[in-house]
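**Student:** Here's a structure for you.
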Amino acid sequence: MFSMAETNKTADPCVMVIFGATGDLTKRKLFPALYNLAKDGHLPDNFAIVGVGRQEMLSDEFRDQMIANLKEFAGSQPDEEKIEWFCSRTYYTGGDFDDDKKLFKDIKDMLRDVCAANNIPENYFYYMAIPPDLFANVTQKIVKNGLGKEENGNWRRFIFEKPFGRDLESAKKLNADLLKILKERQIYRIDHYLGKETVQNILVFRFGNSIFEPIWNRNYIDHVQITVAEKLGVELRGGYYDSAGALRDMIPNHIFQLVTLTAMEPPVSFEADAVRDEQAKILAAIQPFSPEDALHNAVRGQYGAGTVNDKPVPAYRDEEKVSKTSNTETFAALKLSIDNWRWADVPFYVRTGKRLATKHSSIVIQFKKAPFVLFRDTPVERLTTNRIEIHIQPDEGITLHFGAKIPGPIVKMGPVDMDFNYVDHFGEQLSTGYERLLFDCMIGDATLFQRADMVEASWRIVTPILDVWKAIPARDFPNYAAGDWGPTEADAILKQDGRTWKNTAV
Ligand code: BG6
């Protein structure tokens with residue numbers, strides 16, 4: 001793992017084949033990310049994109065769509081010359097994904113022609129921006145048509161979007177199906193949280209500085225809080241979301257990335273497997289939820305109508321493509337116990353939800369109180385002062401909270417902050433979070449991707465909760481108003497331990 005900016009490295013010559021090329025992910029994230037990579041000189045000249053979708057369309061029409069998408073989503077005014085560069089190496093073919101005779105033969109012919117025209121060796125990476133139930137089927141067809149096997153020194157890689165399965169059993173089956181036809185090293189299970197600068201910075205912060213690691217353990221840390229709060233509702237994704245829910249959508253993937261990076265031991269190197277081995281150990285140490293735990297240490301919520309940005313917004317059940325009687329949770333909070341030497345008795349509280357008070361993701365490391373109450377019988381006694389807050393978004397940075405004496409004749413202490421803000425120090429970086437991950441796939445670095453065992457370990461932790469929630473449908477939905485901080489039961493998980501969530505100002 002290294003910094004793209006520092007090495008100024010260029011990716012291997014290759015063709016990116018996007019399945020689901022006319023979808024939302026492609027236009028909002030993949031095209032802008034590729035554009036940013038090209039702009040910063042990380043894509044080689046012998047590079048091409050082949051878009052594949054169900055729609056029949058000419059490559060020229062697809063290019064026009066791509067130009068429109070880049071103008072809308074690639075941040076500040078995109079450079080016309082770069083857009084031209086992209087168009088000249090972008091192609092499209094469409095058809096029925098079930099028909100391995102026509103579509104996959106067309107793809108094969110197109111790849112051969114594209115490689116010849118652009119002087120590209122037959123290195124392909126397939127991006128599956130398609131519904132997960134198609135992953136195995138489409139991959140099988142690619143392999144069956146001779147496009148999956150690595151030969152003559154050329155590589156073939158496959159990126160799978162989340163969700164990777166919907167519970168432990170389905171994730172195991174998907175892994176097994178893929179591993180029958182591909183090698184693990186060809187499989188890149190993507191989680192875009194690992195592409196975020198601040199998320200990558202967790203490891204640098206912890207292991208690149210000598211002052212934090214000695215106190216990063218149960219002797220000094222009281223508990224950890226991880227919040228991924230969204231202000232938006234389900235938008236146009238009601239169809240997918242109503243069958244997934246907040247827990248599946250965010251916890252075994254994005255939130256567990258944050259947990260493992262915060263909790264893992266230092267890896268022996270920054271090689272992919274060294275880092276992932278340490279993350280996997282944390283997942284193995286997180287205590288699985290018994291049915292009893294699922295009732296007491298897991299909370300679900302669903303938003304009702306409310307107010308966001310001073311405007312009334314509808315209840316979840318009134319969103320597009322959502323059932324009027326839906327029992328799907330739009331909020332989930334869990335208390336996790338990591339049963340290892342470093343973290344015994346240090347709870348990790350995690351929560352995520354849609355239509356919350358503000359968009360805010362952070363990791364809060366709450367330190368224990370000072371061991372000796374020197375300031376007995378003064379207001380100082382009640383202050384819980386030391387806290388490190390890693391802000392993931394929207395304002396990326398790190399804050400250290402501590403107590404300082406308020407000037408004056410009486411001993412009074414007030415909370416103060418030391419702040420590091422990414423933008424102030426490094427300037428605005430236009431990034432979708434996908435740049436780094438696409439680039440890493442093109443150079444064969446899987447450090448920031450999920451291994452099969454990690455995906456299964458994550459599902460192993462949360463599947464018992466899903467089972468209990470399915471068996472006992474929520475009777476109190478909706479139980480929080482849009483624009484609020486989630487249901488009151490989520491506060492109770494901490495209150496029972498004498499703690500409270502650190503909610504940021506709205
Ligand atoms: C996606 C989820 O993986 O992550 C969405 O499916 C969620 O429901 C999104 O909104 C959050 O990503 P970010 O980068 O906006 O925090």
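**Student:** Return the distance in nm (one decimal) between the two label points of a simple spin-label model at Glu84 and Asn145, each offset 7 Å from Cα along Cα→Cβ.
**Tutor:** Distance between the two pseudo-spin positions: 3.3 nm.
**Student:** Once every DSSP H run of n ≥ 4 in the chain is given -39500 (n - 2.57) and the sum is divided by its residues, what mean residue ellipticity at 222 nm do you get, rounded to the nearest 500 deg cm²/dmol?
**Tutor:** Roughly -10000 deg cm²/dmol at 222 nm, from the helical runs in the chain.
**Student:** Charges on Cβ only, +1 for Lys and Arg, -1 for Asp and Glu, centred on the Cα centroid of the chain; of Tyr126, Gly353, Gln65, which one is farthest towards the dipole's positive end?
**Tutor:** Result: Gly353, furthest along the dipole toward the positive end.
**Student:** If you place +1 on the Cβ of every Lys and Arg and -1 on the Cβ of every Asp and Glu, how big does the dipole about the Cα centre of the stretch 399-506 come out, in debye to the nearest 20?
**Tutor:** 480 debye
**Student:** Something else: So if I average 1/r over every pair of distinct C-alpha atoms in the chain and take the inverse, what Kirkwood radius in Å does that give?
**Tutor:** 24.5 Å
**Student:** Taking the Cα centre as origin and putting +1 on Lys and Arg beta-carbons and -1 on Asp and Glu beta-carbons, what dipole magnitude results for the stretch 58-212, to the nearest 20 debye?
**Tutor:** That gives a dipole near 800 debye.
**Student:** Moving on to the next point. For Lys368, list long-range residues whose amide hydrogen, built 1.01 Å from N in the peptide plane, is under 5 Å from its own amide hydrogen.
**Tutor:** Residues meeting the criterion, in which the H sits 1.01 Å from N, are Ile221, Asp222.
**Student:** With an 8 Å cut-off on Cα pairs and a minimum separation of 6 or more residues, tell me the relative contact order of the chain in percent.
**Tutor:** 18 percent
**Student:** Do any of Lys29/Lys231; Lys82/Lys359; Lys335/Lys495; Lys108/Lys149; Lys29/Lys359; Lys9/Lys183 go past 23 Å between their Cα atoms, and which?
**Tutor:** Table pairs above 23 Å Cα-Cα are Lys82/Lys359; Lys9/Lys183.
**Student:** Same structure again: Roughly speaking, what is the centre-to-centre gap between the stretch 487-503 and the stretch 50-110 when only Cα atoms are used, to the nearest Å?
**Tutor:** Cα centres, the stretch 487-503 to the stretch 50-110: 48 Å.
**Student:** A follow-up question, please. Once the principal axes of the Cα atoms of the stretch 132-290 are found, what is the range along each, listed largest first in whole angstroms?
**Tutor:** Per principal axis, max minus min of the Cα coordinates gives 56, 43, 32 Å.
**Student:** Can you give the local net charge around Asp133? Use residues other than it whose beta-carbon is closer than 13 angstrom to its beta-carbon, Lys and Arg +1, Asp and Glu -1.
**Tutor:** Result for the neighbourhood of Asp133: -1.
**Student:** Specify the inter-centroid distance of the stretch 330-355 and the stretch 238-255, based on alpha-carbon positions, in whole Å.
**Tutor:** Centre-to-centre distance over Cα atoms comes out at 17 Å.
**Student:** Contour minus end-to-end for Asn327 and Leu179, with contour as 0.36 nm per residue of separation and end-to-end as the Cα-Cα distance?
**Tutor:** 49.8 nm
**Student:** Nothing charged except the Cβ atoms of Lys and Arg (+1) and of Asp and Glu (-1): what's the magnitude of the dipole of the chain about its Cα centre? Round to the nearest 20 debye.
**Tutor:** 1060 debye
**Student:** For the pair Ile410 and Glu56, what calculated FRET efficiency results from E = 1/(1 + (r/R0)^6), where r is the Cβ-Cβ distance and R0 = 60 Å, to the nearest 0.05?
**Tutor:** Approximately 0.15, to the nearest 0.05.
**Student:** What distance in nm separates the simple spin-label points at Lys172 and Asp273, each placed 7 Å from Cα in the Cβ direction?
**Tutor:** 2.4 nm
**Student:** On to the next question. If I compute solvent accessible area with a 1.4 Å probe over the protein chains, what percent of it on the chain is carbon and sulfur?
**Tutor:** Of all accessible area on the chain, carbon and sulfur atoms account for 52 percent.
**Student:** What number comes out for the charge environment of Leu448, summing +1 per Lys or Arg and -1 per Asp or Glu over other residues with Cβ under 9 Å away?
**Tutor:** Once all neighbours under 9 Å are counted, the net charge is -2.
**Student:** Write down the Kirkwood hydrodynamic radius of the stretch 160-249, to one decimal in angstroms, obtained as one divided by the mean of 1/r over all alpha carbon pairs.
**Tutor:** The Cα-based Kirkwood calculation yields 17.0 Å.
The values are calculated or read from the model by the stated rules, or taken from the named source; none is laboratory data. If you're wondering where the values come from, they're calculated on a predicted model, not measured in any experiment. FYI the Cβ positions are ideal-geometry reconstructions off the backbone, even for glycines, and counts take in every protein chain you see. Quick note on the areas: whole protein, heavy atoms, side chains included, nothing else; ligands and nucleic acids left out. Shrake-Rupley method; radii C 1.70, N 1.55, O 1.52, S 1.80 Å.
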